[in-house]
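For reference, the structure discussed in these notes is given below.
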Amino acid sequence: MKVAVVQHRKFLVPIFALLLVGVAVPLSVPRAHGDDTNETLNITGLVARGTSDSYLGATVDAIQAGNTINFNVVFTANSYVYQRNLTMGVKFDWMTNFQNTTTDTAVYAGQTLTVTLSYTIPALSGQYSALNLQTHTWTLELWDMAQGGTWNVNSGCFDFNNTPPNVQPMCHNFTSNNYPYHPLAVFSSAQTSSYNSKLQASAIITSLNNVLGSTFQPAPGTSSALASLAQANAQMSLANNAYSLGDFTTAQTDYQNALNDANAAQSSLATIGGGTDTATFTSIWLDSVAILLGGIGAILVGFAGFKYLRGKTRGLPTYAPATPKA
């Protein structure tokens with residue numbers, strides 16, 4: 001009886017194993033695309049990517065107004081043999097319709113091609129004059145359909161995952177709300193200038209703070225650099241405050257001043273320092289000489305005192321000279 005139970009258990013083990021595999025395998029298989037194996041979006045033309053903007057209070061991808069942003073989708077077709085016809089469109093939140101590519105891109109089985117859509121950001125004038133005062137969203141859609149076909153954007157964007165010969169139109173989408181993308185900030189020229197000056201000034205200031213602030217006492221010859229660095233830090237604080245309040249013109253000036261002062265501090269360390277630092281070195285040299293001479297004088301005084309005391313000791317009545325050894 002026990003033998004029969006053991007045999008039944010041995011029989012049931014592989015059955016349970018097969019059931020577990022049957023449950024696990026569908027969960028581990030990635031969702032297939034009907035027309036491709038992979039699509040990747042790269043965006044070029046930006047001033048900054050993933051930067052924290054204190055005025056907008058958000059992490060943004062930034063571009064200057066009037067400049068061109070390029071959406072580049074790298075598309076790899078799967079092994080199904082048929083011609084894919086790709087078109088692409090983008091819609092920002094200030095637009096009512098998609099702006100599309102003007103021609104189809106033909107892609108065949110196993111090919112990898114890049115589909116590019118360029119869009120010029122409006123200048124900050126007229127109805128677009130306040131584009132830089134808020135963040136913006138965008139949606140990019142890549143369509144695979146018959147040549148000359150039109151996608152009904154009101155129906156959503158989806159991939160039927162059908163295989164030939166039953167291939168239906170398919171759509172892939174990317175949005176500013178999905179990682180690794182961010183809401184778009186449209187910068188004025190003053191904001192772009194502020195960003196670039198702040199980036200450079202911050203790098204120099206951080207480096208100088210690490211070097212000049214690493215000791216308790218200022219290093220010899222650094223007084224000019226320290227003065228310029230202090231001024232750079234002050235200008236940086238003023239600029240940050242102005243920018244956060246939306247005063248981009250003042251921020252632009254203050255960031256440039258911070259960069260100028262940071263450069264001055266950096267340059268002063270490349271030489272003896274000029275002016276103040278030369279006087280500092282002279283003072284240090286004179287103080288050192290005085291200490292050296294004072295030390296020599298102390299030694300001479302010490303010898304004189306020793307000789308005097310020795311003479312006084314010899315004159316005492318109880319003094320007895322040491323007997324020389326035989």
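Before moving on, here are some points about what is shown:
- Candidates Phe160, Phe174 - the one that is aromatic (Phe, Trp, Tyr) and in a loop (DSSP other than H, G, I, E, B): Phe160
- The criterion of being at pLDDT 95 or above, farther than 22 Å from Gln64 by Cα, hydrophobic (A, V, I, L, M, F, W, C) and not assigned by TED's automatic domain parsing to the domain that holds Gln64 holds for Leu238.
- In this structure, Pro180 does satisfy being under 21 Å from Asn42 (Cα atoms), touching a residue at least 24 places away in the same chain (Cβ under 8 Å) and part of a loop (DSSP other than H, G, I, E, B).
- Residues of the range 56-114 satisfying the condition of being hydroxyl-bearing (Ser, Thr, Tyr) and closer than 21 Å to Met170 by Cβ: Thr76, Ser79, Tyr80, Tyr82, Thr87, Thr101, Thr102, Thr103, Thr105, Tyr108, Thr112, Thr114
- Boolean, Leu131 is in contact (Cβ under 8 Å) with a residue 40 or more places away in the chain and under 21 Å from the mean Cα position of the chain (by Cα): no
- Residues (among the hydrophobic types (A, V, I, L, M, F, W, C) and loosely packed, with under 13 Cβ neighbours inside 10 Å) located in the range 158-185: Phe158
- Gly221 assigned to a loop (DSSP other than H, G, I, E, B) and either modelled with pLDDT of 85 or more or surrounded by 12 or more Cβ atoms within 10 Å (Cβ to Cβ) (or both): yes
- Within the range 124-144, if we keep just the residues that are in a loop (DSSP other than H, G, I, E, B) and in contact with a Leu (Cβ under 9 Å, 6 or more places away or on another chain), the residue that is farthest from Asn85 (Cα to Cα) turns out to be Ala130.
- Scanning the range 74-128 for residues that are at pLDDT below 95 and among the acidic types (Asp, Glu) gives a single hit, Asp104.
The values are calculated or read from the model by the stated rules, or taken from the named source; none is laboratory data. None of the values given here were measured: they were computed from a predicted structure. With ideal geometry, Cβ positions are generated from the backbone for all residues, glycine too; neighbour counts draw on all protein chains shown.
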